[in-house]
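One structure is given below, encoded as structure tokens.
The values are calculated or read from the model by the stated rules, or taken from the named source; none is laboratory data. The shown structure was predicted, so the numbers you read here are calculated from the model rather than taken from an experiment. Here the Cβ positions follow ideal geometry from the backbone for every residue, glycine too, while neighbour counts run over all protein chains shown.
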Amino acid sequence: MSEEQNKPAEAEVEQTEAVQDKSAQDKAADAGAGDRVAQLEAEVASLKDQLLRQMAEVENTRRRAQRDREDASKFAVSSFAKELVTVADNLRRALEAVPAEGRENDDVLKSLSVGVEATERQLISAFERAGIKKIDPTGELFDPNFHQVMFEIESTGKPAGTVVQVLQPGYTIHGRLLREAMVGVAKAGPHEMGGQHVDTKA
């Protein structure tokens, strides 16, 4: 066979090889593009996760700041309120110091008592508006979170640890203790086995 007759066959072989090379290059390009897409998708997922975490952290910080502001506005007056509850104690003592017969027989004492009672009512109303509540635990079991035991009383007929006398009422402000109540509690008798003992020195 002549050299000229071989040329078309060689051309066909070269063309086939070129097509194969092109196909391999396309496949390689497609594989590279697929890898790049997967890489970009992973980056997008990572950035989205970071963004969601940052948004959650910002929201938590905002809520904490709001709670701190609310607490500050609620409890900023605590020291002032402590002073005022002492005033309430003194008003009550003044009223209790006036004997009932004295009020009936003496117009001056009666007028004074009425005025002090009105003042006490206004003060209590102001306390309620400010979230201040009085603790009068008479008949309740001793609670170390809200009561301070001053003494124990024997033969009260009450279960041991029951508050039988309140020397000074306590107060809370928005549910938080402002001043504990000073109380006397029932003491367990010798026949009360397993009765609750209250440590008055605590």
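If you go through the range 163-185 and keep only what is part of a loop (DSSP other than H, G, I, E, B) and surrounded by fewer than 17 Cβ atoms within 10 Å (Cβ to Cβ), you end up with H174, G175. Here D106 clears all of (1) of a type outside the set (K, R); (2) surrounded by 11 or more Cβ atoms within 10 Å (Cβ to Cβ); (3) under 29 Å from F127 (Cα atoms) except the condition numbered (3). Looking only at residues in the range 111-133 that are basic (K, R) and free of Cβ contacts under 8 Å to residues at least 24 places away in the same chain, which one is farthest from R93 (Cα to Cα)? Once the filter is applied, the top-ranked residue is R129.
In summary, L109 fulfils each of the numbered conditions (1) hydrophobic (A, V, I, L, M, F, W, C); (2) in the same structural domain as A81 (by TED's automatic domain parsing); (3) modelled with pLDDT of 90 or more with the single exception of condition (3). For V19, the requirement of being surrounded by 10 or more Cβ atoms within 10 Å (Cβ to Cβ), among the aliphatic types (A, V, I, L, M), modelled with pLDDT under 85 and touching a strand residue (DSSP E or B) at 6+ places or on another chain (Cβ under 9 Å) is not met.
In the range 44-85, the residue that is farthest from P169 (Cα to Cα) out of those that are under 21 Å from the mean Cα position of the chain (by Cα) and of a type in the set (D, E) is E57. I'd like the full set of residues that are surrounded by 14 or more Cβ atoms within 10 Å (Cβ to Cβ) and in a helix (DSSP H, G or I), limited to the range 120-162. The answer is E120, L123, I124, F127.
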